[in-house]
1. If you take every residue apart from G133 with its C-beta less than 12 Å away from the C-beta of G133, what net charge results, scoring Lys and Arg +1 and Asp and Glu -1?
2. Net charge around M36, counting only other residues with Cβ within less than 13 Å of its Cβ (Lys, Arg = +1; Asp, Glu = -1)?
3. Tell me, how many Å apart are the Cα centres for the range 189-215 and for the range 103-127?
4. Would you mind ranking F229, F170 by Cβ crowding within 10 Å, fewest neighbours first?
5. Divide by every residue of the chain the summed helix terms, -39500 (n - 2.57) for each DSSP H run of at least 4, and state the resulting mean residue ellipticity at 222 nm, rounded to the nearest 500 deg cm²/dmol.
6. Exposure proxy check: R127, R15 ranked by fewest other beta carbons within 10 Å?
7. Name the most mobile residue of A59, A100, A70, meaning the one with the largest mean-square fluctuation, in a Gaussian network model of the chain with Cα contacts below 10 Å.
8. Could you tell me what percent of the DSSP beta bridges with both partners in the chain are antiparallel, to the nearest 5?
Amino acid sequence: MEIKRKLNKLDIYKRFNFMKPFIGKFYKASNIKLLMIGESHYLPEADKAERYRETWYSAPGIADNLSEKAKKWVTPRYIIGEDFMENPTNKPFSIYKNTAECLRDVHQLSNVPEAINHLSYYNYFLRPAEVTGKSIRAHSKDKILAYEHFLNLLEILQPKKVVFVSTLAFNSFKKQHNSHRSKEGFVIPKSMKNTLITRTCHPGSAWWNKKSKKYAFAGSGPITGKERFIKIIQY
């Protein structure tokens, strides 16, 4: 209840309550307590996400104007907690299935549903991408608000590890962190100073099973995105 109360105070969730992170039922007491971060949500093409590029954070009534289908598409608790659980083999859900399988195997958990409930998940950019299925064209406000929101979630969720599964999101985080880390209110919370914050490839991409020097971790040679993720959760 404490986490829920704090989330409800964040501006983006006052506007779009349904966008709150997926938080697994074992997360709070878990020794795993992994926060996974994707890139951005999509809206169905009929909802024309492009028209909200400049107004998503300020114009009144946007949440009420979204179709019921669109609301589901931007609700992590529905996407993971319901749709994925019912259809775990659907290709779009490989991001959750592949990471949950790694958690299951490394931590000797019973199954994928149990594993997914040890993590929390949200998308870094708070505005849906302009084109369904494409990367967001993030403007400066998107980047600053995403970084501020990330810091708030660190404080609220208190993860043991943070793994970005989007290079675009991770690079934006790093740039904002380097630009603002000396400014009051723009720093990693003290309680999170020793938390590992890193990234791997999207678990649904070809790089999940393809070796690359860029995925080297803790002195390893070229490894796959999957191997990097396993090393991160074992770290």
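1. Numbers: positive: K134; negative: E39, E45, E130.
After counting each charged neighbour, the total is -2.
2. Working: positive: K33, K97, K160, K161, R199; negative: E39.
After counting each charged neighbour, the total is +4.
3. 14 Å
4. On the way: F229 28, F170 20.
So the residues, fewest neighbours to most, are F170, F229.
5. Details: 9 runs with 82 residues, N = 235.
Mean residue ellipticity, 222 nm, calculated: -10000 deg cm²/dmol.
6. Working: R127 26, R15 17.
Starting with the residue having the fewest Cβ neighbours, the order is R15, R127.
7. A59
8. On the way: 3 of 16 bridges.
Here the antiparallel bridges make up roughly 20 percent for the chain.
No lab work stands behind these numbers, since they all come straight from the coordinates. Since this is a predicted model, take the numbers as computed values, not measurements. When we count neighbours, we look across all protein chains shown, and the Cβ atoms used for this are built from the backbone with ideal geometry, even at glycine.
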